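S.K.: What follows is a single structure, and I will ask about it in a moment.
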Protein chains: 2
Amino acid sequence: MAATAPFPAGATLADVGEFGLIAELTRLFEQGEQVLVGPGDDAAVLRVRTGHVVVSTDLMVEGRHFRRDWASAEDVGHRAAAQNLSDINAMGGRATSLTVGLAAPAELEAQWALDFARGFAEECALVGASVVGGDVTRADQVVIAVTVLGACTVAPVLRSGARPGDVLALQGRQGWAAGGLAVLGRGFRSPRVLVEAYRRPTPPYDAGLVAAEAGATSMIDVSDGLLAEAGHLAGASGVRIDVRRGAFEVAEPLHAVGAALGADPLGFILGGGDDHALLATFDPADVPAGWAVVGEVLEAAEETIGTVTVDGSAYEGPTGWTHF
Amino acid sequence: MAATAPFPAGATLADVGEFGLIAELTRLFEQGEQVLVGPGDDAAVLRVRTGHVVVSTDLMVEGRHFRRDWASAEDVGHRAAAQNLSDINAMGGRATSLTVGLAAPAELEAQWALDFARGFAEECALVGASVVGGDVTRADQVVIAVTVLGACTVAPVLRSGARPGDVLALQGRQGWAAGGLAVLGRGFRSPRVLVEAYRRPTPPYDAGLVAAEAGATSMIDVSDGLLAEAGHLAGASGVRIDVRRGAFEVAEPLHAVGAALGADPLGFILGGGDDHALLATFDPADVPAGWAVVGEVLEAAEETIGTVTVDGSAYEGPTGWTHF
C-alpha cells in the first residue's frame, strides 16, 4: 500500500470529522474473497467454509500497552494486529478477518490514525486477513480494541490438553521485545534489533498450524510472560511444568542489554512477553522441527496444579505482566 | 441470573486483580449450544451452520456515551449489549455470540464490573446470544468495546438497496431515549419512562428478520439520529429521502418533556438516537404490520444524493450525533 496523505498537515481528528476519517480508513483496507459485505454497513458479512469460527478480542491502551513517543503509529498498528493474529495462531488456526475500534482524543493528528491503520492492514496482509469493520470515537486517551476471526483446518489446540510426560516446547523469538522495552524504559534506543522487536513483533504465524498437525496437546502464545503462560497451560491442564534454564539460547543482543543494564538476560526470556512466540506441549516423539524443548510436564498434586518451576525450584524474578 | 457479591464491599479492580475479575465475569456468562469453546482460551470457537457470519463492533466511552451517575452499571451493560445486538437486527439477522472488552481505572469498584456484565448478559439472553470472550485492562476512563457475531436466515438487508418509489418505514420507539437524555442533562429524573428508555433501550429485536422476509430494500438501526440514519440509507442507495413530519405519533411523555424544556418534541424523534428503532425502505405494497410509514424515497440528482428533507424542506434542527 502506498503512503497516503489525504488530510492537510497537522489536521486533527476533530478537523477531519468522524465520517472523513472513516472514509479514508476504509480505503486502506483491502477486502479478501471471504468478505461478502465489507465496511460501511451496520455489520460485515463473511463467508465461512469450515462450519466454525474462532474469535478473540484484545484491548491496547496508550501509556500502558504502548507509548506514542516510543513507537510510530505504523508500529502500533503492526503490534495491535500481531497480538490478535497470534491468538488465532495459538489455536492452530488462521485469521481471516478483523474489526478494529479506535477511541482517541479529538486533538490526535488524523495522520496518526491513518498510519496506524496502514500498519495494521500490512500486518493482517501477512496472513491474508482483511479488516472488515470498525468504530471510531472520542476518548481521553488512545484505546484500540481489536477482534479477530479465524478458522482451523484441524481441531483447535486448547490450553487444557497437556499430560504428564509431555514436553514443553517454544517456537519463535522470545525475550527480545522485553529487552527492547527495558532499553526504551532507560531512555536508550539500542540495541536497535531489540527495540525493533518490541515495536514490531514477528510472531511465527505458520507455526501454530504445524504444531496442531503434529499433535500438540496444548498451546498458548506468549503475550504476558513465558512462565506466566506456562502456568496458564499447567492450570488449565491440571498439571505442573518444570522449565529448564539451560534450554534457552540467549541471543547476543540480550547478553549485551543484560550487561548494560546489570540484569540477567534470562529474565527477559522467562518473564518477558510481547514477542508472541508460541509455547506448546507435545508427546516427546511429536515435537516438530524448529521447536525448542524447554521443559517438561509433570503430574501435580492438588496444591501444585498450575505451578511452574525453573530447574525444580520456584523462580524469584517477575514471571509476567498483570493488567491491574 | 442471581445477583452476585463475590468481592468484599468496596473492593476495587486493583484489589481483586485481573484474574480474580475474569474468573467472576466468566461465571456470569452462560454458553449456548453454538459455543464449542467458550471463554478462557486464546480464542473461542463457535459453530456456524449458515455458511456465513455477520459481524459488527462498537465502542462506548464513559463521559461520552454514558455517565456512571446517570445510569447504573447494569443499565450500561444492557445498553452496550443492545446497541450491538441492534446492528445485527438491522441486517435482518440474529446475534449468536459477543465479545466484550472492558478498559477501566484500577480504582473502579469491582462490583461495577460485575453488575455491568450481568446487565450485558441479561440483554444478550433476550435473543439467545452468549458472551464468548473478552479482555480487561486498565485505562484512565471506562471504555467498553463490544463485537457481535450473528447469522442471517435470509439475505442480509444492506443500506444500499433503496429505490425511488419505495417508502421509508419505522419500527420501534423513537425519540424516547433522546427525551430521557435531555431530562437527565437538565438534572431531572422524570418523566421516568423516558429516563428508563435512555438507560435501557428496548430495540425491536424481532423486527429485523420480519422486514428482511417482507423484502425490505434497505435497513439501518437508529443509533445516531433518525434523519442522519435516513441520510446514510439515501447516500448508500444513491437516492434522496423526504420525511413527513405528520407521520410521527408524538407520545405523551415527549409532549410533556417538550413543554417542560420549551422544545419541539418532534426534535427528539427526528434528531434523537439511542432507542435503536429500525428504519427501512420497502416497496409500498410490502410494508409489514407494525411498521409506520414516515417518508418516501425519491430520485436524486448528483448533488442531492444522500440528502434528507422534512416535508420537502431542509430541516433546521440537529439531525444526529457525530463522534468528533
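The values are calculated or read from the model by the stated rules, or taken from the named source; none is laboratory data. None of the values given here were measured: they were computed from a predicted structure. Because the Cβ atoms are built from the backbone with ideal geometry, glycine has one as well, and the counts that use them run over all protein chains shown.
S.K.: Does the stretch A:148-156 contain at least one residue that is within 13 Å of chain B (Cβ to nearest Cβ), in contact (Cβ under 8 Å) with a residue 12 or more places away in the chain, in contact with an Asp or Glu (Cβ under 8 Å, 6 or more places away or on another chain) and in a strand (DSSP E or B)?
M.R.: There is at least one residue in the stretch A:148-156 that is within 13 Å of chain B (Cβ to nearest Cβ), in contact (Cβ under 8 Å) with a residue 12 or more places away in the chain, in contact with an Asp or Glu (Cβ under 8 Å, 6 or more places away or on another chain) and in a strand (DSSP E or B).
S.K.: Condition first: outside any loop (DSSP other than H, G, I, E, B) and more than 9 Å from every other protein chain (Cβ to nearest Cβ). Can you find one or more residues in the stretch A:85-94 that meet it?
M.R.: yes
S.K.: From (1) assigned by TED's automatic domain parsing to the domain that holds B:Arg94; (2) over 18 Å from the mean Cα position of the chain (by Cα); (3) polar (S, T, N, Q), pick out the condition that doesn't hold for B:Ser130.
M.R.: Exception for B:Ser130: condition (2).
S.K.: Please determine, by comparing only the residues of the stretch B:115-130 that are outside any loop (DSSP other than H, G, I, E, B) and out of contact with any helix residue (DSSP H, G or I) (no Cβ under 6 Å at 6 or more places or on another chain), which one is nearest to the other protein chains (Cβ to nearest Cβ).
M.R.: Here the residue is B:Ser130.
S.K.: When you scan the stretch B:172-194, do you find a residue that is assigned to a helix (DSSP H, G or I), under 16 Å from the mean Cα position of the chain (by Cα) and within 14 Å of chain A (Cβ to nearest Cβ), even just one?
M.R.: So far as the stretch B:172-194 goes, no, none of its residues is assigned to a helix (DSSP H, G or I), under 16 Å from the mean Cα position of the chain (by Cα) and within 14 Å of chain A (Cβ to nearest Cβ).
S.K.: For the stretch A:241-261, check the following and say yes or no: at least one residue is within 14 Å of another protein chain (Cβ to nearest Cβ), surrounded by 22 or more Cβ atoms within 10 Å (Cβ to Cβ) and hydrophobic (A, V, I, L, M, F, W, C).
M.R.: No.
S.K.: Same structure, new question: Among what's in the stretch A:8-64 and is of a type in the set (A, V, I, L, M, F, W, C) and in a loop (DSSP other than H, G, I, E, B), pick the residue that is farthest from the other protein chains (Cβ to nearest Cβ).
M.R.: Checking each candidate, the answer is A:Ala9.
S.K.: A further question follows. Any idea which residue in the stretch A:95-114 is farthest from A:Leu226 (Cα to Cα), counting only those that are assigned to a loop (DSSP other than H, G, I, E, B) and more than 9 Å from every other protein chain (Cβ to nearest Cβ)?
M.R.: So the residue we want is A:Glu107.
S.K.: Would you be able to tell me the number of residues in the stretch B:133-147 that are closer than 26 Å to B:Leu36 by Cα and either more than 7 Å from chain A (Cβ to nearest Cβ) or outside any strand (DSSP E or B) (or both)?
M.R.: 2
S.K.: Contact list please: Cβ distance under 7 Å, first residue in the stretch A:201-226 and not assigned by TED's automatic domain parsing to the domain that holds A:Asn84, second residue aromatic (Phe, Trp, Tyr), pairs at least six apart or on different chains.
M.R.: Final answer for the pair search is A:Ala214/A:Phe282; A:Gly215/A:Phe282; A:Ala216/A:Phe282; A:Thr217/A:Phe282; A:Asp224/A:Trp321; A:Gly225/A:Trp321.
S.K.: Right, next: Could you run through the stretch B:273-304 and say how many residues are buried (at least 16 other Cβ atoms within 10 Å of the Cβ) and under 24 Å from A:Gly20 (Cβ atoms)?
M.R.: 4
S.K.: I'd like the full set of residues that are closer than 26 Å to B:Ser56 by Cα and out of contact with any strand residue (DSSP E or B) (no Cβ under 9 Å at 6 or more places or on another chain), limited to the stretch B:215-250.
M.R.: Once the filter is applied, which keeps residues that are closer than 26 Å to B:Ser56 by Cα and out of contact with any strand residue (DSSP E or B) (no Cβ under 9 Å at 6 or more places or on another chain), the stretch B:215-250 yields B:Asp224, B:Gly225, B:Gly235, B:Gly238.
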